[in-house]
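Derivation of every value follows stated rules applied to the coordinates shown; laboratory data play no part. None of these values were measured; they are calculated from a predicted model. Ideal geometry is used to build each Cβ from the backbone, glycine not excepted, and the neighbour counts take in all protein chains shown.
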Amino acid sequence: MERLTQLAAGGGCACKIPAGELEHVLAGLGLNPPANPPGELLVGLQTGDDAAVVRVQDGLAIVATADFFTPVVDNPYDWGRIAAANALSDVYAMGGRPLVAVNLLCWPTDLPYDIATEVLRGGADIAAQAGAHLAGGHSVTDTEPKYGMAVTGLADPDHLLRNDTGRPGTPLSLTKPLGLGVLNNRHKATGEIFPHAVQTMTALNAEASRAAIAAGARCATDVTGFGLLGHLYKLVRASGVGAVLDAAAVPLLDGAREAARDGYVPGGSRRNLDWVRPHLTATGIDEQTLLLLADAQTSGGLLVAGEIPGAPVIGELVEAGDAAIVIR
């Protein structure tokens, strides 16, 4: 049978709509506020944050998000685990904890449904690990298989992690290494399996989120399809600050630099760099390193404005300057 990753043009978060085009689409929406809403919208479309947040009462907010994508690995159980961990990550990125998830499944009618069962089993195992109820979902037929979840979580509205609350002088920490995009693309092209990449993608960001809140952090985002540079750019733009990034301090997965050198760079990673490049100063930084910093991650780590145990400091937020991001 044909490999799962061969059934779709893209794979994982690398198949996101490019950031610039997505912002153009959203800019034309002109949403009307609801009549008599049951809560206060704290985080919406304005800054492109990781999830929506609504305060429903003092000390309690609802976090809502959805995420799904085409196969990023050939093993259906692992794909289900990765997609679920990625969807749950948006709740953790806001400082919340998942409460309930529902499946989102798109499936070709000529692809055995036993494979879909394995995908859903992987998602269910990750939801259970996260302590979240998994309760139903929705499915449609499609020409390409896609899987993910819509997730609802709970958070303290006074202790959120947001992308618009960064302050100059705050260190930047990264909780997972980069390189998932290039390794997944190599897997798609060659069939090579990278267990350490799967382990990284299926690792929940729950502990990192709790550690960030405990350390007093109030600004964070997760690093997914727009790459480290794309998500950092969104953070500094929303916060009205700049950032200095130490390229040598950014951790990479084993084999990532070799995969980039050998040409396994996803189109999404190149589009990320094209989008952010006008806002960078990167004197002396080679193109391969820039592509890895812009590499489209699937179920990546948290980028936290603050120091947390076990996460390397890769730079700091600074006063806004001529360039949004300076890479050294």
(message) If you take every DSSP beta bridge fully contained in region 185-328, what fraction is antiparallel? Give it as a percent rounded to 5.
(response) 60
(message) With unit charges on the beta carbons (Lys and Arg positive, Asp and Glu negative) and the dipole taken about the Cα centre of region 166-269, which residue among PRO168, LEU252, LEU228 sits farthest to the positive side?
(response) PRO168
(request) Just order 105-114, 177-186 by mean Cβ neighbour count inside 10 Å, highest at the front, would you? (result) 177-186, 105-114
(message) If you build the convex hull over the alpha carbons only and average its shadow over all orientations, what do you get for region 4-155? Give it in nm² to one decimal.
(response) 9.9
(request) Might you report the magnitude of the Cβ-based charge dipole of region 4-155 about its Cα centre, with Lys and Arg at +1 and Asp and Glu at -1, to the nearest 20 debye? (result) 300
(message) Using the crude model of +1 on Lys and Arg Cβ and -1 on Asp and Glu Cβ, and no other charge, please compute the dipole size for the chain relative to its Cα centre, in debye to 20.
(response) 200
(message) Restricting to DSSP H runs of at least four residues, report the calculated mean residue ellipticity at 222 nm for the chain, -39500 (n - 2.57) per run over all residues, nearest 500 deg cm²/dmol.
(response) -10000 deg cm²/dmol
(request) Could you pull out every one of the lysines with an alpha carbon less than 24 Å from that of LYS188, ignoring same-chain neighbours closer than 8 positions? (result) LYS16, LYS146, LYS176
(message) Taking the Cα centroid of region 103-119 and of region 287-319, what is the distance between the two, rounded to the nearest whole Å?
(response) 34
(request) Would you mind calculating the gained length between ALA135 and ILE193 on full extension (0.36 nm times residue separation, minus the Cα-Cα distance), in nm to one decimal? (result) 17.7 nm
(message) Along the Cα→Cβ direction, 7 angstrom out, place labels at ALA35 and VAL313. What is the inter-label distance in nm?
(response) 5.4
(request) Determine the relative contact order of the chain: mean sequence separation of Cα pairs under 8 Å and six or more apart, normalised by residue count, in whole percent. (result) 23
(request) Sort the following peptides by mean Cβ neighbour count (other Cβ atoms within 10 Å, averaged over residues), highest first: 152-158, 207-213. (result) 207-213, 152-158
(request) Quick one: give the max-minus-min coordinate of the C-alpha atoms of region 171-327 along each principal axis, largest first, in Å. (result) 44, 34, 22
(request) May I ask for the distance between the Cα centers of region 208-281 and region 1-57, given as a whole number of Å? (result) 19
(message) Just checking my list (1) 54, 49, 40; (2) 66, 53, 38; (3) 55, 54, 40 against Cα extents along the principal axes in Å computed from this structure; which label fits?
(response) (3)
(request) Work out which helices of the chain, taken as complete DSSP H runs, extend at least 20 Å along their axis over the Cα atoms and score a mean Kyte-Doolittle of -0.5 or more, then list them. (result) 76-93, 113-130
(message) Given the options VAL313, VAL54, GLN129, identify the residue whose Cα lies farthest towards the positive end of the charge dipole of the chain (+1 on Cβ of Lys, Arg; -1 on Cβ of Asp, Glu).
(response) VAL313
(message) About the Cα centre, and with charges only on the beta carbon of Lys, Arg (+1) and Asp, Glu (-1), how big is the dipole of region 191-287? Nearest 20 debye, please.
(response) 480
(message) Per-residue counts of other Cβ atoms within 10 Å, averaged by peptide: what ranking do you get for 30-36, 242-248, 73-79, highest first?
(response) 73-79, 242-248, 30-36
(request) Please report the relative contact order for region 135-225, taking Cα pairs under 8 Å with a sequence separation of at least 6, and give it as a percent rounded to a whole number. (result) 46
